[in-house]
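The next block holds one structure in the form of structure tokens; read it before the comments.
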Amino acid sequence: ETGVTQTPRHLVMGMTNKKSLKCEQHLGHNAMYWYKQSAKKPLELMFVYNFKEQTENNSVPSRFSPECPNSSHLFLHLHTLQPEDSALYLCASSQDRTKTDTQYFGPGTRLTVL
Amino acid sequence: AQKITQTQPGMFVQEKEAVTLDCTYDTSDPSYGLFWYKQPSSGEMIFLIYQGSYDQQNATEGRYSLNFQKARKSANLVISASQLGDSAMYFCAMREGGDDMRFGAGTRLTVKP
């Protein structure tokens, strides 16, 4: 498997459910990211991990909980979500966090909260 | 403040013709990186091309080229010989200083047969 993979690709959950999104990168990168893409809104950066340490949390509600057990894996734990959390959730990785580092994205998880 | 501006919500191009997608940016940092991504309906963001602010030449990658005008703070993407598979959303992005990547609102390109 190459690049950045995400599972599941589609997820439907109720507001009381608990679920997790998984991201895995096979590129040997040190930085990983979670983005949220809602309809008609620019891509929103949620969390950043660099060398497994969280370096950014852009005012994300606590119902979203990230976890980075190692440089290759990133999880987003979801609980008590709201319908407005329905969106495409994209994971990305980059070699480091310098200006020249390209981010490579996974295929995304399309989340629907009922 | 908006850092990346893509003024064209939608664009149409005839197959085999060239098309330019506009992107302007705002920064006071002399050193920055500019990126273009393609997002088909499947959702994945596909990296297309990169331009560094100190690069002397415009970046090119196959049918993609970047028309970089530093003084005007613009980084337009040119797609030559459009193909039906080029129909997608296109996002311009910038990375400066210690900040993470910022994305524009995107342009939806439709290639007509």
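The values are calculated or read from the model by the stated rules, or taken from the named source; none is laboratory data. Note that the structure is predicted; figures quoted are calculated from it, not measured. Virtual Cβ from ideal backbone geometry, glycine too; neighbours counted across all protein chains shown. Only protein heavy atoms, including side chains, enter the accessible area calculation; ligands, DNA and RNA are left aside. Shrake-Rupley method; radii C 1.70, N 1.55, O 1.52, S 1.80 Å.
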Original post:
With Cβ to Cβ distances under 14 Å as the rule, what net charge do the other residues near A:ARG97 carry (K, R +1; D, E -1)?
Top reply: -3
Original post:
Between B:MET11 and A:THR98, what FRET efficiency follows from the Cβ-Cβ distance if R0 is 30 Å, with the result rounded to 0.05?
Top reply: 0.40
Subject >> Label-point separation, A:LEU114 to A:SER72 (7 Å along Cα→Cβ), nm >> reply: 3.6
Original post:
Given springs between every Cα pair under 10 Å in a Gaussian network model of chain B, which of B:GLY62, B:GLY52, B:GLY98 has the largest fluctuation?
Top reply: B:GLY98
Subject >> Computed accessible area, A:HIS79, all protein chains, 1.4 angstrom probe, square angstrom >> reply: 60
Original post:
What is the average number of partner chain Cβ atoms found within 10 Å of a Cβ in B:40-48?
Top reply: 5
Subject >> Amide H within-cut-off set for A:SER20, under 5 Å, with H built and near neighbours excluded >> reply: A:LEU78
Subject >> Globularity index of region B:26-68, i.e. its alpha-carbon radius of gyration over 2.2 N^0.38 Å >> reply: 1.33
Subject >> Qualifying trypsin sites (Lys or Arg not before Pro) in region A:1-101, DSSP loop, other Cβ atoms within 10 Å at most 10 >> reply: A:LYS40
**OP:** Using Cα positions and a limit of under 21 Å, work out the lysines in reach of A:LYS36, with same-chain residues fewer than 8 apart set aside.
**Re:** A:LYS18, A:LYS19, A:LYS22, A:LYS52, B:LYS3, B:LYS38
**OP:** For chain A, give the share of DSSP beta bridges that are antiparallel, in percent and rounded to the nearest 5; count only bridges with both residues there.
**Re:** 90
Subject >> Dimensions (Å) - the protein assembly as shown, Cα atoms, principal axes, largest first >> reply: 49, 40, 37
Subject >> Relative contact order of region A:1-55, pairs being alpha-carbon contacts under 8 Å that are 6 or more residues apart, as % >> reply: 28
**OP:** Can you work out the accessible area per residue across region A:69-114, with the rest of the protein chains kept in place, probe 1.4 Å, in square angstrom?
**Re:** 36
Subject >> Radius ratio Rg over Rh of chain A, counting only Cα atoms, Kirkwood formula for Rh >> reply: 0.95
Subject >> chain A: relative contact order as a whole-number percent, Cα under 8 Å and 6+ apart >> reply: 36
Original post:
Under a GNM of chain B (C-alpha, springs under 10 Å), which listed residue has the highest mean-square fluctuation: B:ALA93, B:ALA18, B:ALA75?
Top reply: B:ALA18
